[in-house]
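Working notes for the structure below.
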There are 2 protein chains.
Amino acid sequence: MSSASDATTQARQGRPTLAVVGATGAVGTVMLGILSQRQDVWGEIRLVASARSAGTRLRVRGEEVVVRELTAEVFDGVDVAMFDVPDEVSAQWAPVAAARGAVVVDNSGAFRMDADVPLVVPEVNPAQVRNRPRGIISNPNCTTLTMMDALGALHRGWGLTELVVASYQAASGAGQPGVDRLYDELAVVGGDRTLGQRSGDVRRAVEDKLGSASSPFPAPLALNVVPWAGSLRDGGWSSEELKVRDESRKILGIPDLKVSATCVRVPVVTTHSLAVHATFQRRITVDQARQALMDAPSVVLVDDPANGDFPTPADVVGADPTFVGRLRQALDFPNTVELFVCGDNLRKGAALNTAQIAELVAAELSGR
Amino acid sequence: MSSASDATTQARQGRPTLAVVGATGAVGTVMLGILSQRQDVWGEIRLVASARSAGTRLRVRGEEVVVRELTAEVFDGVDVAMFDVPDEVSAQWAPVAAARGAVVVDNSGAFRMDADVPLVVPEVNPAQVRNRPRGIISNPNCTTLTMMDALGALHRGWGLTELVVASYQAASGAGQPGVDRLYDELAVVGGDRTLGQRSGDVRRAVEDKLGSASSPFPAPLALNVVPWAGSLRDGGWSSEELKVRDESRKILGIPDLKVSATCVRVPVVTTHSLAVHATFQRRITVDQARQALMDAPSVVLVDDPANGDFPTPADVVGADPTFVGRLRQALDFPNTVELFVCGDNLRKGAALNTAQIAELVAAELSGR
């Protein structure tokens, strides 16, 4: 089952054991790539998925590993368990893994707002990983995560007070079914130069060929934008929009942060973008903000519109950092800057941040 | 040249003569459709374009009309001249048409902010059409226009003070070359289920097949969003973003309105969308806002997310009204509502509003 050499096997002894639950999903696939680039962190890596996917063979660290079924026993001997599964699966199984002694790093929404579960972005609030009485650490929602590195850097200097955010969210935020649906729709509309000019013709073309029942989106996404992500909450808000508010407050440690978000899906495969209007306690200039963002290790400033330089999702996808551009002083709001932020929602927005949290735990367990 | 019946010819006598300058462009094409639906307004309709397009035959009101070259003489006897041409062409020729006695309705940016040129949205400030000392009336920028009907209705009731706007702008905002480029790019990427997952692969695929020199956009638009529209202004702002600020102030008559806009192009053929965070002098509830928007004759409220009802550009394209949905009370901003607005940028955003202005002038000239 494993093709690791004797030297590799020896080197891995004494290192913590990792379980990856949800290894076959869109985030899981990216996670295996990220783990393969970090050879010196983990001992054994167990891949875990639903009964339907158990038995699948996946490659990680250059080795083929057979996916195991999600059971209580699969967590025996596991030090850290990453979960990327639906909320209800995490709600059921994360406590099981924790009871077996694993520290759980969970990327669902099941525990994020629980007072006794930390919500961690390693560049912003790394010390919170040790504050885990239930043995569970939550990874933030991908939309919130897209802007946390940049806003954390600015908050440290000037004290964030208000956020008005509009998102441009990629299909893969809805997982592999979202990616598949966007490609299916593009295959339908991509050759037809008449579509998108009369009401409903894109919808009819897509639904005639693909049906609508199977889409994870509530409207066609090709040749369209869809102002909805998540489920309906009080006052017409989407769950995604409230996550941006609640999680930003918790991660940044600003319980009274004023936040309004509008979340919109766009026909991009992977990488979320956000237009951010950020207001601070103290006067902030664009030069100061630029310097703070350049000093932030996980942020790349791409901001020279005279030469066509600004971040776009098609250029950012696959990269680890957060990319920031279009930095402007708001003309009528003295303590406000505007920025456009792009981040790979499967990497920093999900798998990478989860891996970073897990590595903080691994270092702690190893006494480093 | 004309196939109008004798009865039609007779009915048209005594009605004002219209010239359509820029008849062959993306907006011009929509304009001919709109004029064909309004048979009882105009007498003669002259179609005018650059020397390159002169001689083309186009259909309007069911009749074939030969396009005439843009010259001073073409305006002789013209009562109203609509211009949809680049800024520099309007700057040169609109005064010529006005000097020949035509009232010019101009859809370029050449005159919009001139103090002696009114900037008109008929549902918001119709009386301004008579305030035209130079014989020129400007039609607003399509992005600004998308939200003016809805915001005008709310401003009348509660007094608008602040706007934070993020746009989702369609390719046709860049004219027919924008539409052609988006279709060309979709034909390249539409069949490839690997693109959009690695940095720059969409850019390489598109540029390999199409080159980059010919695109009106500064980055690929298919499988992407591009945070840029217009030209660079001071402080990193785009001209489009400053138009939203300046033109909103002028149309609504609020010189100190606070505005911050981020303008982003999305892979949609036609219909601009805007996420709007609108703050008022007086406390406004969602119920009040909903009623005011339902009472506004040119606004359609589509706002039942429980049933998947919200406006999307693919559903709105080709329709005349402004569509508003996702109406929410901002949770942390007491006098603020959030809304998502969609409007066809070639119709209300350009041709339709121009036609409405021209009809106000026609009624005035006819003494109606």
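The values are calculated or read from the model by the stated rules, or taken from the named source; none is laboratory data. Keep in mind that what you see is a predicted model, and the values were worked out from it rather than measured. Using ideal geometry, Cβ is built from the backbone for each residue, glycine included, and neighbour counts are taken over all protein chains shown. Accessible surface is based on the protein model in full, side chains and every heavy atom, while ligands, DNA and RNA are left aside. Shrake-Rupley method; radii C 1.70, N 1.55, O 1.52, S 1.80 Å.
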**Item:** When residues of segment B:303-335 are limited to those that are polar (S, T, N, Q) and in a loop (DSSP other than H, G, I, E, B), the one nearest to the chain's Cα centre (by Cα)
**Value:** B:312
**Asked** What number goes with the only condition from (1) without any contact (Cβ under 8 Å) to a residue 40 or more places away in the chain; (2) of a type in the set (D, E, K, R); (3) out of contact with any Leu (no Cβ under 6 Å at 6 or more places or on another chain) that residue A:201 does not pass?
**Response** (3)
**Fill in**
(1) in contact (Cβ under 8 Å) with a residue 60 or more places away in the chain; (2) in contact with a helix residue (DSSP H, G or I) (Cβ under 6 Å, 6 or more places away or on another chain); (3) within 13 Å of chain A (Cβ to nearest Cβ); (4) not in a loop (DSSP other than H, G, I, E, B) all hold for residue B:338 apart from (2)
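Just checking, which of B:15, B:52, B:61 is modelled with pLDDT of 90 or more and over 26 Å from the mean Cα position of the chain (by Cα)?
B:15
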**Message:** Quick check on my filter: what residues within segment A:256-265 are farther than 23 Å from residue A:174 by Cα and in a loop (DSSP other than H, G, I, E, B)?
**Reply:** A:256, A:257
**Request:** Within segment B:115-130, identify whether any single residue is assigned to a strand (DSSP E or B), more than 13 Å from chain A (Cβ to nearest Cβ) and open to solvent by less than 50 Å² (accessible area, probe 1.4 Å), and answer yes or no.
**Result:** yes
**Prompt:** Does residue B:317 satisfy the condition of being out of contact with any helix residue (DSSP H, G or I) (no Cβ under 6 Å at 6 or more places or on another chain), closer than 14 Å to residue A:219 by Cβ and of a type in the set (A, V, I, L, M)?
**Reply:** yes
**Asked** If you go through segment A:309-321, how many residues are open to solvent by less than 30 Å² (accessible area, probe 1.4 Å) and either touching a Pro at 6+ places or on another chain (Cβ under 9 Å) or more than 30 Å from residue A:33 (Cβ to Cβ) (or both)?
**Response** 4
**Message:** Looking at segment B:8-19, I want the residues that are touching a residue at least 40 places away in the same chain (Cβ under 8 Å) and over 24 Å from residue B:100 (Cβ atoms) and have a partner that is of a type in the set (A, V, I, L, M) and exposed (fewer than 14 other Cβ atoms within 10 Å of the Cβ) with Cβ atoms under 9 Å, at least 6 apart or on another chain. Which pairs are those?
**Reply:** none
**Prompt:** In segment B:291-301, how many residues are surrounded by fewer than 18 Cβ atoms within 10 Å (Cβ to Cβ), modelled with pLDDT of 95 or more and either under 21 Å from the mean Cα position of the chain (by Cα) or facing another protein chain (nearest Cβ under 10 Å) (or both)?
**Reply:** 0
**Prompt:** Would a scan of segment B:229-242 turn up a residue that is in the same structural domain as residue B:328 (by the TED database), in contact (Cβ under 8 Å) with a residue 60 or more places away in the chain, part of a loop (DSSP other than H, G, I, E, B) and not charged (D, E, K, R)?
**Reply:** yes
**Complete:** When residue A:288 is run through (1) within 7 Å of chain B (Cβ to nearest Cβ); (2) over 26 Å from the mean Cα position of the chain (by Cα), the failure sits at (1)
**Asked** Which one of these is among the charged types (D, E, K, R) and in contact with a Lys or Arg (Cβ under 9 Å, 6 or more places away or on another chain): B:201, B:192, B:234, B:180?
**Response** B:180
**Request:** Would you mind stating whether residue A:188 is free of Cβ contacts under 8 Å to residues at least 60 places away in the same chain, facing chain B (nearest Cβ under 9 Å) and in contact with a helix residue (DSSP H, G or I) (Cβ under 6 Å, 6 or more places away or on another chain)?
**Result:** yes
**Asked** If you check A:100, A:134, A:181, which single one turns out to be open to solvent by 10 Å² or more (accessible area, probe 1.4 Å), in contact with a Ser or Thr (Cβ under 6 Å, 6 or more places away or on another chain) and not assigned by the TED database to the domain that holds residue A:254?
**Response** A:181
**Complete:** Taking segment B:73-82 and the residues there that are more than 18 Å from residue B:51 (Cβ to Cβ) and either touching a Lys or Arg at 6+ places or on another chain (Cβ under 8 Å) or not assigned by the TED database to the domain that holds residue B:103 (or both), the one that is most open to solvent (accessible area, probe 1.4 Å) would be B:76
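Look at residue A:70 and say whether it is under 20 Å from residue A:26 (Cβ atoms), assigned by the TED database to the domain that holds residue A:5 and either open to solvent by 50 Å² or more (accessible area, probe 1.4 Å) or more than 21 Å from the chain's Cα centre (by Cα) (or both). First the steps, then the outcome.
Working: under 20 Å from residue A:26 (Cβ atoms): yes; assigned by the TED database to the domain that holds residue A:5: yes; either open to solvent by 50 Å² or more (accessible area, probe 1.4 Å) or more than 21 Å from the chain's Cα centre (by Cα) (or both): yes.
Spelling it out, residue A:70 is indeed under 20 Å from residue A:26 (Cβ atoms), assigned by the TED database to the domain that holds residue A:5 and either open to solvent by 50 Å² or more (accessible area, probe 1.4 Å) or more than 21 Å from the chain's Cα centre (by Cα) (or both).
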**Prompt:** Out of segment A:343-364, which residues are part of a loop (DSSP other than H, G, I, E, B) and open to solvent by 10 Å² or more (accessible area, probe 1.4 Å)?
**Reply:** A:346
**Prompt:** So which residues in segment B:280-290 are assigned to a helix (DSSP H, G or I) and either surrounded by fewer than 19 Cβ atoms within 10 Å (Cβ to Cβ) or out of contact with any strand residue (DSSP E or B) (no Cβ under 9 Å at 6 or more places or on another chain) (or both)?
**Reply:** B:286, B:287, B:288, B:290
**Asked** What are the residue pairs meeting all of these: first residue in segment A:106-119, first residue in contact (Cβ under 8 Å) with a residue 60 or more places away in the chain, second residue open to solvent by 20 Å² or more (accessible area, probe 1.4 Å), Cβ atoms under 6 Å, and 6 or more apart or on different chains?
**Response** A:107/A:84; A:109/A:87; A:113/A:246; A:119/A:250
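Okay, residues lined up against (1) outside any helix (DSSP H, G or I); (2) modelled with pLDDT under 95; (3) hydrophobic (A, V, I, L, M, F, W, C):
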site: B:220; (1), (2), (3): yes, no, no
site: B:224; (1), (2), (3): yes, no, no
site: B:249; (1), (2), (3): no, no, no
site: B:254; (1), (2), (3): yes, no, yes
site: B:267; (1), (2), (3): yes, no, no
site: B:275; (1), (2), (3): yes, no, yes
site: B:278; (1), (2), (3): yes, no, yes
**Request:** Check A:275, A:330, A:306 and return the single one that is open to solvent by 40 Å² or more (accessible area, probe 1.4 Å), on the phi < 0 side of the Ramachandran plot, of a type in the set (A, V, I, L, M, F, W, C) and within 7 Å of chain B (Cβ to nearest Cβ).
**Result:** A:306
**Prompt:** Which of the residues that make up segment A:198-255 are farther than 27 Å from residue A:163 by Cα, within 26 Å of the chain's Cα centre (by Cα), more than 10 Å from chain B (Cβ to nearest Cβ) and surrounded by 15 or more Cβ atoms within 10 Å (Cβ to Cβ)?
**Reply:** A:215, A:216
**Fill in**
Selection over segment A:23-58 where residues are in a loop (DSSP other than H, G, I, E, B), open to solvent by less than 50 Å² (accessible area, probe 1.4 Å) and in contact with a Leu (Cβ under 9 Å, 6 or more places away or on another chain) yields a count of 5
